[in-house]
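Step one of this worksheet: look at the structure below.
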Amino acid sequence: MYPILTVVGSWTLRITYMLGDATLFGTRALFLSLGPRFSISKISHQIYQIGVRCIPVILLVSIFTGLVLGLQGYHTLSQFGTEGLVGSAVALSLVRELGPVLTALMVIGQAGSTMAAELGMMRSSEQIDALETMDIPPLSFLVGPRLIAGMICFPLLTSIFNIVGIYGGYLATVVMLDIDSGTYWYRVIDSINLDTVIGGYSKSLLFAANSLMICCYMGYNLHKHGGLHGAQGVNTAATTAVVLSSISTLILDYLVTAWML
């Protein structure tokens with residue numbers, strides 16, 4: 001019994017320390033990147049890497065999420081004779097929860113793993129050490145632009161996810177199941193208010209800061225975790241970054257939802 005508690009306690013302390021260190025790491029990177037070395041070109045490049053390259057997967061996931069929500073919502077609500085409310089169910093589910101969460105998970109899987117791998121390879125090949133030798137702050141040069149670009153891209157990608165998902169629900173209910181089109185759009189518009197939209201975007205920004213800080217931290221500090229270098233170390237850093245970012249995103253979603261309700 002006691003060895004199990006020891007192992008659990010050890011892992012809890014290690015993860016807590018790492019998350020705190022990653023938060024300080026990301027905060028320093030943001031402040032340094034907003035100083036004299038602020039670079040629009042680097043941020044624009046990262047916006048392309050994080051935002052534009054993730055659009056196809058966001059479109060694919062969102063349309064099928066909307067289709068599933070429409071079908072499930074219709075068949076559930078029809079049991080109570082309230083299938084006309086399916087528009088509200090689809091819109092609220094997407095804007096409040098599924099839009100920010102699934103967008104974050106998709107971006108973590110594609111862009112977050114790439115960030116961790118790129119920074120890990122730079123650390124392994126001593127490129128980051130070379131920047132420090134040339135008196136170029138690696139945090140503002142490598143990490144800051146990625147964090148700023150992520151804070152810009154996450155809400156925009158969430159908006160795309162929500163809009164396409166709502167149209168997916170439209171296809172599932174109006175086109176396939178013959179729900180009245182006017183009723184569907186009336187329920188969608190009536191159910192979404194400013195507080196709902198702000199809540200969804202607040203989650204999106206929080207998920208962006210959390211997930212990208214962890215991904216950048218794992219790659220940048222490759223030499224501090226696990227003692228692995230080269231391809232094996234980069235692979236471990238990228239995998240760990242994706243797992244921790246995804247789990248922490250779901251935990252944050254629960255905490256924020258419980259606080260907002």
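The values are calculated or read from the model by the stated rules, or taken from the named source; none is laboratory data. Predicted, not measured: the structure shown is a model, and the values here were computed from it. Cβ placement follows ideal geometry from the backbone for every residue including glycine, while neighbour counts extend to all protein chains displayed. In case anyone asks, the SASA skips ligands and DNA or RNA and just uses the protein heavy atoms, side chains included. Shrake-Rupley method; radii C 1.70, N 1.55, O 1.52, S 1.80 Å.
Overview of values
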item: When residues of the stretch 149-160 are limited to those that are open to solvent by less than 30 Å² (accessible area, probe 1.4 Å) and over 12 Å from the mean Cα position of the chain (by Cα), the one modelled with the highest pLDDT; result: Ser159
item: Evaluation of Trp259 against (1) open to solvent by 30 Å² or more (accessible area, probe 1.4 Å); (2) touching a residue at least 40 places away in the same chain (Cβ under 8 Å) (one fails), failing number; result: (2)
item: Residue satisfying all of: in the stretch 107-140; closer than 13 Å to Thr236 by Cα and either in contact with a Phe, Trp or Tyr (Cβ under 6 Å, 6 or more places away or on another chain) or modelled with pLDDT under 85 (or both); least open to solvent (accessible area, probe 1.4 Å) among these; result: Leu119
